[in-house]
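Participant: Have a look at this one before I ask anything.
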Amino acid sequence: MRFGPVSVDQALGAVLAHSVHLPTGRLRKGQVLEAAHLDMLAAAGLAEITVARLDPADVAEDAAALRLARALVAGSGLRIQPVGTGRVNIHAEGPGLLRVAAQAVHALNAVDPMITVATVPEWQRLESGTMAATVKIIAYAVAGAALERACQAGQGALSLCPPVLHRAVLIETLIGDGPAPPKGARVTAARLERLGMRLEAHHTVPHRADALADRLRQVAGTDLILILTGSATSDPMDVAPQAVRQAGGQVDHVGMPVDPGNLLFVGRLGPRPVIGLPGCARSPALNGADWVLERVACGLTVGADQITRMGVGGLLTEIPTRPRPRTRAEPRPDPA
């Protein structure tokens, strides 16, 4: 592509680089100039304009953006929006997590600075219609060979992992008498609904390993078991992990390098995943339990290897109602 000023009489078929205000109205940038446009420019007294002139092997911005978007998302649960001004936005077709082949995106962005793709972070939860990525061709055209390399580098780099689990049960342990506060079940149900799941049952038991194990043995007809304890799980041998083992299940990992959300554990009871929720899961604010729940719901492997890699980016916004904040107020000095 050749870019720069040319005389008006040599601009037929070129792309207008900058908008021009004329007595008869505005001629917008990106316009492919026809004979009538040149007459208008000449009548306005303009002898020279800045244009982009495509070479035979060039691909115009809209066609290039559309081709790259199709290479990125073929058959992936993502929807390509209408193209315009060299941009194509990519939206989720339903709820799920975005898989991003980061190295592939890096490679295609390195092909030509005029060819760009921007995405949301990998494994971000998306709702139906949420934007996942945008393709932008910066110049009015790019070389066909460069576009082909970018399409090859980014082939299938984006896909949506939809939920594969649909039903969950919440078991809450209680310390002392009285019913469980409703907030834990209400917030958990809302988290599940965002993933197209439903909370089928909410059980309460005393905060003892034997009582919790008994209830776990009775749980049936669900895809996922969630445990929310009255006292936080602070050791692999604490009440909830022990109850899972006593019920015949296994505990795969206790704790996570995400804050809020450190006091979480994951395991299995037969074919069903078990998530021991941290106390911060009673708040609707983002915490480590969201990351684990979303990935488990979408059928992704979540064990020690995956959880221990969540520390980079795992320092989340602190929950205002947290009983033990990260930063404590400095003690006041004794009066003199």
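Participant: Taking the condition of being farther than 13 Å from residue 117 by Cβ and not in a loop (DSSP other than H, G, I, E, B), how many residues in the range 49-65 meet it?
Facilitator: 11
Participant: Does the range 75-83 contain any residue that is assigned by TED's automatic domain parsing to the domain that holds residue 128 and more than 16 Å from residue 134 (Cβ to Cβ)? Lay out the reasoning, then the answer.
Facilitator: To start, the set of residues in the range 75-83 that are assigned by TED's automatic domain parsing to the domain that holds residue 128 comprises 75-83.
Those left that are additionally more than 16 Å from residue 134 (Cβ to Cβ): 75, 77.
Yes: one or more hits.
Participant: Let me ask another. Restricting to the range 114-123, and then to whatever is part of a strand (DSSP E or B) and aliphatic (A, V, I, L, M), can you tell me which residue is surrounded by the most Cβ atoms within 10 Å (Cβ to Cβ)?
Facilitator: This residue is 115.
Participant: Oh, and also: Would you point out which residue out of 126, 165 is surrounded by fewer than 20 Cβ atoms within 10 Å (Cβ to Cβ), of a type in the set (A, V, I, L, M, F, W, C) and either closer than 27 Å to residue 224 by Cα or modelled with pLDDT of 95 or more (or both)?
Facilitator: Going through 126, 165 in turn, the sole match is 165.
Participant: Working only within the range 280-313, note down all residues that are farther than 12 Å from residue 264 by Cβ, in contact (Cβ under 8 Å) with a residue 24 or more places away in the chain and in a helix (DSSP H, G or I). Steps first, answer last, please.
Facilitator: So in the range 280-313, the residues farther than 12 Å from residue 264 by Cβ come out as 282-286, 294-295, 297-301, 303-306, 308-309, 311-313.
Next cut, in contact (Cβ under 8 Å) with a residue 24 or more places away in the chain only: 282-286, 294-295, 297-300, 303-304, 308, 311, 313.
Those that are farther than 12 Å from residue 264 by Cβ, in contact (Cβ under 8 Å) with a residue 24 or more places away in the chain and in a helix (DSSP H, G or I): 282, 294, 295, 297, 304, 308.
Participant: A follow-up question, please. Test residue 68 against the criterion of being assigned to a helix (DSSP H, G or I), under 38 Å from the mean Cα position of the chain (by Cα), of a type in the set (A, V, I, L, M) and under 30 Å from residue 193 (Cβ atoms), and give yes or no.
Facilitator: No, not satisfied.
Participant: Does residue 154 satisfy being farther than 29 Å from residue 18 by Cα, of a type in the set (Gly, Ala, Ser) and in contact (Cβ under 8 Å) with a residue 24 or more places away in the chain?
Facilitator: yes
Participant: To continue, here is another question. For the range 133-161, which positions are of a type outside the set (A, V, I, L, M, F, W, C) and either at pLDDT below 95 or outside any loop (DSSP other than H, G, I, E, B) (or both)?
Facilitator: The answer is 134, 136, 144, 148, 149, 152, 159.
Participant: Residue under question is residue 142, and the condition is that it be more than 30 Å from residue 192 (Cα to Cα) and without any contact (Cβ under 8 Å) to a residue 60 or more places away in the chain; does it hold?
Facilitator: Answer is no for this residue.
Participant: Further question: Report yes if residue 283 is among the hydroxyl-bearing types (Ser, Thr, Tyr), assigned by TED's automatic domain parsing to the domain that holds residue 201, in contact with an Asp or Glu (Cβ under 9 Å, 6 or more places away or on another chain) and surrounded by fewer than 22 Cβ atoms within 10 Å (Cβ to Cβ), otherwise no.
Facilitator: no
Participant: Residue check: is residue 173 hydroxyl-bearing (Ser, Thr, Tyr), buried (at least 17 other Cβ atoms within 10 Å of the Cβ) and not in a helix (DSSP H, G or I)?
Facilitator: For residue 173, the condition - hydroxyl-bearing (Ser, Thr, Tyr), buried (at least 17 other Cβ atoms within 10 Å of the Cβ) and not in a helix (DSSP H, G or I) - is met.
Participant: Being under 30 Å from residue 152 (Cβ atoms) and buried (at least 19 other Cβ atoms within 10 Å of the Cβ) is the filter here; which residues of the range 21-52 pass it?
Facilitator: Answer for the range 21-52, where residues must be under 30 Å from residue 152 (Cβ atoms) and buried (at least 19 other Cβ atoms within 10 Å of the Cβ): just 52.
Participant: Would it be correct to say that residue 178 is in a loop (DSSP other than H, G, I, E, B), within 16 Å of residue 293 (Cα to Cα) and not hydroxyl-bearing (Ser, Thr, Tyr)?
Facilitator: no
Participant: How many of the residues making up the range 264-279 are touching a Ser or Thr at 6+ places or on another chain (Cβ under 9 Å) and either on the phi > 0 side of the Ramachandran plot or free of Cβ contacts under 8 Å to residues at least 60 places away in the same chain (or both)?
Facilitator: Counting residues in the range 264-279 that are touching a Ser or Thr at 6+ places or on another chain (Cβ under 9 Å) and either on the phi > 0 side of the Ramachandran plot or free of Cβ contacts under 8 Å to residues at least 60 places away in the same chain (or both) gives 6.
Participant: I need the full set of residues from the range 216-263 which are closer than 20 Å to residue 307 by Cα, of a type in the set (A, V, I, L, M, F, W, C) and in contact (Cβ under 8 Å) with a residue 40 or more places away in the chain, in order please.
Facilitator: Those that are closer than 20 Å to residue 307 by Cα, of a type in the set (A, V, I, L, M, F, W, C) and in contact (Cβ under 8 Å) with a residue 40 or more places away in the chain: 224, 225, 226, 227, 228, 232, 240, 256, 258.
Participant: Right, residue 98: farther than 29 Å from residue 1 by Cβ, touching a Phe, Trp or Tyr at 6+ places or on another chain (Cβ under 8 Å), crowded, with 22+ Cβ neighbours inside 10 Å and not hydroxyl-bearing (Ser, Thr, Tyr) or not?
Facilitator: yes
Participant: Can you tell me which residues in the range 300-321 are surrounded by 15 or more Cβ atoms within 10 Å (Cβ to Cβ) and out of contact with any strand residue (DSSP E or B) (no Cβ under 7 Å at 6 or more places or on another chain)?
Facilitator: Scanning the range 300-321 gives 306, 310, 318, 319.
The values are calculated or read from the model by the stated rules, or taken from the named source; none is laboratory data. Since the structure is predicted, the reported quantities are computational estimates derived from the model, not experimental observations. Cβ: placed from backbone, ideal geometry, glycine included. Neighbour counts: every protein chain shown.
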